[in-house]
Amino acid sequence: MEDPNMQVLLEELQHRTEAVLSNLLNISEEEFEHFADQRQRIVEQMQSYQLSLTEHDKQKIRDILSNDSVILQRMHVLKDEAGHWMEKRGAIRMQQHAYQQAYSVDSLFIDHRK
């Protein structure tokens, strides 16, 4: 017999996964983080039902997990974009720092007339 609480958790996990998949290209880093936190909470709740999993439950879990590679691929793209942005930001800071060092406030400039 299937546990109704386990079914509720599986449905919630499936619903959240499908919501992420349906809007995959528009989800922000914060939304991915929120999804990961929610998913972790659901998985932790599911652990108490681990011994009573039916074959149907296991298949549903496998189906949900089959989407992980697509989600992870998108997360890696976002991570790479953020890394490139940080590199570019660092290069800009170095250029600004070099420019600011060239014009020190406490320096003197002396011009001699001929």
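See the values below:
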{"item": "Flag for Gln40 being farther than 15 Å from Asp68 by Cα and not hydrophobic (A, V, I, L, M, F, W, C)", "result": "no"}
{"item": "Index of the failed condition, His34 passing every other in (1) at pLDDT below 90; (2) open to solvent by 100 Å² or more (accessible area, probe 1.4 Å); (3) within 16 Å of the chain's Cα centre (by Cα)", "result": "(1)"}
{"item": "Residues within segment 65-113 that are charged (D, E, K, R) and modelled with pLDDT under 70, tallied", "result": "2"}
{"item": "Residues within segment 43-80 that are of a type in the set (Val, Ile, Thr), more than 20 Å from Gln7 (Cα to Cα) and either open to solvent by 50 Å² or more (accessible area, probe 1.4 Å) or free of Cβ contacts under 8 Å to residues at least 24 places away in the same chain (or both), tallied", "result": "2"}
{"item": "Gln40 vs. criteria modelled with pLDDT of 90 or more and closer than 25 Å to Met6 by Cβ", "result": "yes"}
{"item": "Complete set of residues in segment 1-25 that are open to solvent by 60 Å² or more (accessible area, probe 1.4 Å) and either within 19 Å of Asp68 (Cβ to Cβ) or of a type in the set (Phe, Trp, Tyr) (or both)", "result": "Glu11, His15, Arg16, Glu18, Ser22, Asn23, Leu25"}
{"item": "Residue check for Arg62: more than 16 Å from the chain's Cα centre (by Cα), among the charged types (D, E, K, R) and modelled with pLDDT under 90", "result": "no"}
{"item": "Selection within segment 54-100 - over 16 Å from Phe32 (Cα atoms) and of a type in the set (Ser, Thr, Tyr)", "result": "Thr54, Ser66, Tyr99"}
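The values are calculated or read from the model by the stated rules, or taken from the named source; none is laboratory data. Remember, it's a predicted structure, so these values are computed and weren't measured experimentally. Cβ sites come from the backbone with ideal geometry, for glycine too, and all protein chains shown count toward neighbours. Surface areas here come from the heavy atoms of the whole protein model, side chains and all, with no ligands, DNA or RNA. Shrake-Rupley method; radii C 1.70, N 1.55, O 1.52, S 1.80 Å.
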